[in-house]
Amino acid sequence: KLEAVWARDESEVREAQRLRYLVFAEEMGARLSPPKGAPAGHDIDVFDACCEHLLVRATCEDGGRSPVVGTYRVLTPAAARRIGGLYSDTEFDLIRLRGLRPRMVELGRACVHPAHRSGGVILALWGALAEFMVRNGLDTMVGCASISMRDGGHVAASLWQQLRRNHLA
């Protein structure tokens, strides 16, 4: 059984950051640039402090707290204004989305532990995100996704062609 919850304190955010490090740095080989003083083995950037962190845990039969097996970070419109923009603004020119920003959230740093990639964790994350969007009167999601280039860029090129034809990209 899976449980989706929002991080309530820094220790829970750190659990998400450790999972992100495992997936992005150790598994995918990403070269991360954490801020000075960040704990080792954590994926941390300046946006984390302004974000809501969604966690999925596999519930323990004994009632104990299990480790985080999935996570998303969510930057609300108000938080984006406070920090001066979205993470995606650092990667892309999003000026054409300015009219959507008052009701737009940015999703980022999504990952699922390798041992839990059968689909349930991502469904739990998306269910909780849907509830969040409705509860907060939000209607647009944006975010960045990393695409492997290990195949020489074929998947990335194919994805770009699909997005360019069918979406605001």
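The values are calculated or read from the model by the stated rules, or taken from the named source; none is laboratory data. These numbers come from a predicted model, not from an experiment. Every residue, glycine as well, gets a Cβ built from its backbone with ideal geometry; the counts of neighbours run over all protein chains shown. Accessible surface is based on the protein model in full, side chains and every heavy atom, while ligands, DNA and RNA are left aside. Shrake-Rupley method; radii C 1.70, N 1.55, O 1.52, S 1.80 Å.
Things to note:
- Residue ID - surrounded by the most Cβ atoms within 10 Å (Cβ to Cβ), chosen from residues in the stretch 56-69 that are at pLDDT below 90 and not hydroxyl-bearing (Ser, Thr, Tyr): Ala58
- Condition met for Pro67 (farther than 10 Å from Ala16 by Cβ, touching a residue at least 40 places away in the same chain (Cβ under 8 Å) and touching a Pro at 6+ places or on another chain (Cβ under 9 Å)): no
- Only one entry of His53, His42 meets the criterion of being assigned to a loop (DSSP other than H, G, I, E, B), of a type outside the set (D, E, K, R) and buried (at least 19 other Cβ atoms within 10 Å of the Cβ), and that entry is His42.
- Taking first residues from the stretch 1-14 that are in contact (Cβ under 8 Å) with a residue 40 or more places away in the chain and partners that are of a type in the set (Phe, Trp, Tyr) and surrounded by 14 or more Cβ atoms within 10 Å (Cβ to Cβ), the Cβ contacts under 9 Å between residues at least 6 apart in sequence or on separate chains come to Trp6/Phe132.
- Members of the stretch 145-159 that are open to solvent by less than 50 Å² (accessible area, probe 1.4 Å) and within 20 Å of the chain's Cα centre (by Cα): Ala156
- Some residue of the stretch 78-101 being in contact with a Pro (Cβ under 9 Å, 6 or more places away or on another chain) and free of Cβ contacts under 8 Å to residues at least 60 places away in the same chain: yes
- Only residues that are touching a strand residue (DSSP E or B) at 6+ places or on another chain (Cβ under 9 Å) and more than 17 Å from Phe47 (Cα to Cα) were counted across the stretch 134-149, and they come to 4.
- Evaluation of Arg31 against (1) within 16 Å of Leu107 (Cα to Cα); (2) free of Cβ contacts under 8 Å to residues at least 40 places away in the same chain (one fails), failing number: (1)
- Residue satisfying all of: in the stretch 70-87; in a loop (DSSP other than H, G, I, E, B) and open to solvent by 20 Å² or more (accessible area, probe 1.4 Å); nearest to Asp139 (Cα to Cα) among these: Thr76
- Scan of the stretch 7-38 for residues that are part of a loop (DSSP other than H, G, I, E, B), modelled with pLDDT of 95 or more and surrounded by fewer than 12 Cβ atoms within 10 Å (Cβ to Cβ), ordered by number: Arg8, Asp9
- The residues of the stretch 88-115 that are in a helix (DSSP H, G or I), open to solvent by 20 Å² or more (accessible area, probe 1.4 Å) and under 15 Å from Arg73 (Cβ atoms) amount to a single one, Thr90.
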